[in-house]
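**Q** Submitted below is the structure of interest, expressed as structure tokens.
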Amino acid sequence: MTLWLDCSSNYAIVPSPEQVADLVALGFKGAFVGTSYSTEKAHDQIKAFNLGGLETEEYQFPSALKPTLWVADRWWVDAELSDATLTSLRNALSGGSAGPYSRRSWAMDHLPDWDCKAEFPASELWDARYVHGDNFPCLIKKAVETGGNIRAAIDIEYSWLTAFAPYWGFSEAAVTQWHNSITIAGVNMDLN
């Protein structure tokens with residue numbers, strides 16, 4: 001598993017060098033940063049992650065696309081809210097997005113017949129598919145709170161991930177977001 005974090009500039013802090021070092025020590029390779037809103041904060045987050053040795057990629061909402069990338073390697077279009085229409089997703093993918101971020105249930109409810117992969121053969125899918133809900137006991141949270149082995153808890157919870165179910169023409173996901181909001185090393189994130 002290649003471990004990445006996803007932090008929205010709206011909700012997460014700009015990490016300190018020590019926090020980034022702690023994340024690297026846990027095996028994190030990169031960070032996805034939401035850059036549609038709080039753009040100065042997002043820029044500072046990307047810079048902090050890069051200076052600490054993490055790769056970065058951006059994600060943006062279709063209604064708030066930014067024309068340039070700061071220092072991230074590539075960007076994704078977030079397809080989970082009402083602004084993710086077929087037209088807006090096509091515009092983002094035509095404009096250089098690596099592919100959509102979505103989850104199968106949202107995709108089937110809103111654009112069930114779209115074959116993104118056929119229309120944009122180079123696109124990839126970032127799929128949200130969580131190992132448990134908010135009310136399920138979280139081993140990672142317990143390890144963080146008690147000073148336990150965080151990486152062992154991450155590995156155990158990751159092993160609970162179910163198989164990918166195809167949608168939008170994708171037979172696999174390039175990236176899987178498998179754990180929702182959790183704070184590790186003082187940084188609020190989703191695990192990918």
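The values are calculated or read from the model by the stated rules, or taken from the named source; none is laboratory data. A quick note: this is a predicted structure, and the numbers were derived from the prediction, not measured. Glycine also receives a Cβ, built like all others from the backbone with ideal geometry; neighbour counts cover every protein chain displayed. What goes into the accessible areas is simple: the full protein's heavy atoms, side chains included, and nothing from ligands, DNA or RNA. Shrake-Rupley method; radii C 1.70, N 1.55, O 1.52, S 1.80 Å.
**Q** Which numbered condition trips up Ser82, out of (1) over 15 Å from Ser9 (Cα atoms); (2) crowded, with 16+ Cβ neighbours inside 10 Å?
**A** Condition not satisfied by Ser82: (2).
**Q** Hey, could you check the stretch 145-191 for residues that are open to solvent by less than 10 Å² (accessible area, probe 1.4 Å) and assigned to a loop (DSSP other than H, G, I, E, B) and say which is farthest from Trp106 (Cα to Cα)?
**A** Per the stated criteria, the residue is Trp178.
**Q** Can you tell which of Ser88, Ser97, Ser8 is at pLDDT below 90 and buried (at least 16 other Cβ atoms within 10 Å of the Cβ)?
**A** After ruling out the rest, the residue left standing is Ser8.
**Q** Taking Lys29 as the residue in question, decide whether it is part of a strand (DSSP E or B), open to solvent by 30 Å² or more (accessible area, probe 1.4 Å) and among the basic types (Lys, Arg). Walk me through it before giving the result.
**A** Details: part of a strand (DSSP E or B): yes; open to solvent by 30 Å² or more (accessible area, probe 1.4 Å): yes; among the basic types (Lys, Arg): yes.
When the stated conditions are applied, Lys29 passes them.
**Q** Is it the case, given these coordinates, that Leu65 is over 14 Å from the mean Cα position of the chain (by Cα) and either of a type in the set (Ser, Thr, Tyr) or buried (at least 22 other Cβ atoms within 10 Å of the Cβ) (or both)?
**A** no
**Q** Condition (residue is of a type in the set (Phe, Trp, Tyr), over 18 Å from the mean Cα position of the chain (by Cα) and at pLDDT 95 or above) applied to the stretch 118-131: is it met by at least one residue?
**A** Checked against the condition, which is being of a type in the set (Phe, Trp, Tyr), over 18 Å from the mean Cα position of the chain (by Cα) and at pLDDT 95 or above, the stretch 118-131 yields at least one hit.
**Q** I would also like to ask the following. So which residues in the stretch 12-25 are surrounded by 15 or more Cβ atoms within 10 Å (Cβ to Cβ) and either without any contact (Cβ under 8 Å) to a residue 12 or more places away in the chain or over 16 Å from Lys47 (Cβ atoms) (or both)?
**A** Across the stretch 12-25, the qualifying residue is only Asp22.
**Q** Of all residues being open to solvent by 40 Å² or more (accessible area, probe 1.4 Å) and outside any loop (DSSP other than H, G, I, E, B) in the stretch 121-144, which is farthest from Trp75 (Cα to Cα)? Just the residue, please.
**A** Lys142
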